[in-house]
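No value in this document is a laboratory result; all are computed from the given coordinates. This structure is a prediction, so every number in the text was calculated from the model and none was measured. Here the Cβ is made from the backbone with ideal geometry for all residues, glycine too, and neighbour counts use every protein chain on show.
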Amino acid sequence: MKYIGALLIGLLLLVGGCDSNAVFKDIEDIEDGRWFVRQSPTFTFQIEDTTQTYSIFYNIRNSLSYPYYNLYISRVLLDSAGKTVESKLDELILLDPKSGKPYGDGLGDLFDHKIKVADKYRFPRRGQYTIRLRQYMRQNPLPEIYSVGISVEKEI
């Protein structure tokens, strides 16, 4: 199972590496598919063009055994000085609430989701930014989440 997951991540990165609009893309694995509240995947990237608008996406991998149809994530955007630029609570819908049918792209019992959480976003200044994520569900650890990531892409 671990080898299949690693292969899938490698393929995702290979395919994602071809996206010319991506300014930043990274994924962090969640050990044993158990996302503890204290775990805060953090992603740091550089923004050079403040006249450009950007889209921000979550990249989530979960199994069919994930016990909920949604996932709440707390997202904090920090500037290079560590000052909070934005703080949001996002609800991601991973499965159809009525049928339980998973959204996203699946292979076996794993499903990958690319979910837009911000569009037409303008960063206030050039420089380094950090996005810190935390799962915001009532269960700790949250089971069956195998990876979480961020993509920042230029809008065309």
(request) Compare Asp119, Asp109, Asp49 in a GNM of the chain, Cα atoms joined below 10 Å, and give the one with the largest fluctuation. (result) Asp109
(message) Full-extension gain between Val76 and Glu31, please, as 0.36 nm times their residue separation minus the C-alpha to C-alpha distance.
(response) 14.0 nm
(request) Rounded to whole Hz and in sequence order, give me ³J(HN,Hα) for the range 54-61 from the Karplus expression 6.51 cos²θ - 1.76 cosθ + 1.60, θ = phi - 60°, writing x for Gly and Pro. (result) 10, 10, 10, 10, 8, 10, 10, 10
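Given the rule -39500 (n - 2.57) for each run of at least 4 DSSP H residues, summed and divided by the residues of the chain, what is its mean residue ellipticity at 222 nm, to the nearest 500 deg cm²/dmol?
-3000 deg cm²/dmol, from helical runs alone.
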(message) Exceeding 24 Å between C-alpha atoms, which entries from my cross-link table qualify? They are Lys25/Lys101; Lys98/Lys154; Lys88/Lys120; Lys25/Lys83.
(response) Lys25/Lys101; Lys98/Lys154
(request) Extending each Cα 7 Å along its Cβ direction at Asp109 and Tyr136, get the distance between those two points in nm, one decimal. (result) 3.0
(request) Once you've got the GNM for the chain with C-alpha springs shorter than 10 Å, pick whichever of Leu94, Leu71, Leu107 has the biggest mean-square fluctuation. (result) Leu107
(message) Using amide H atoms built in the peptide plane, which far-off residues or other-chain residues are under 5 Å from Leu92 H to H?
(response) Leu71, Tyr72, Ile73
(request) Compute the long axis of helix 2-16 from its Cα atoms, compare it with the longest principal axis of the Cα atoms of the chain, and write down the angle in degrees, 0 to 90, nearest 10. (result) 30
(request) Starting from the amide H of Ser80, placed 1.01 Å from N in the peptide plane, find each other amide H under 5 Å away whose residue is 5 or more places distant or on another chain. (result) Gln128
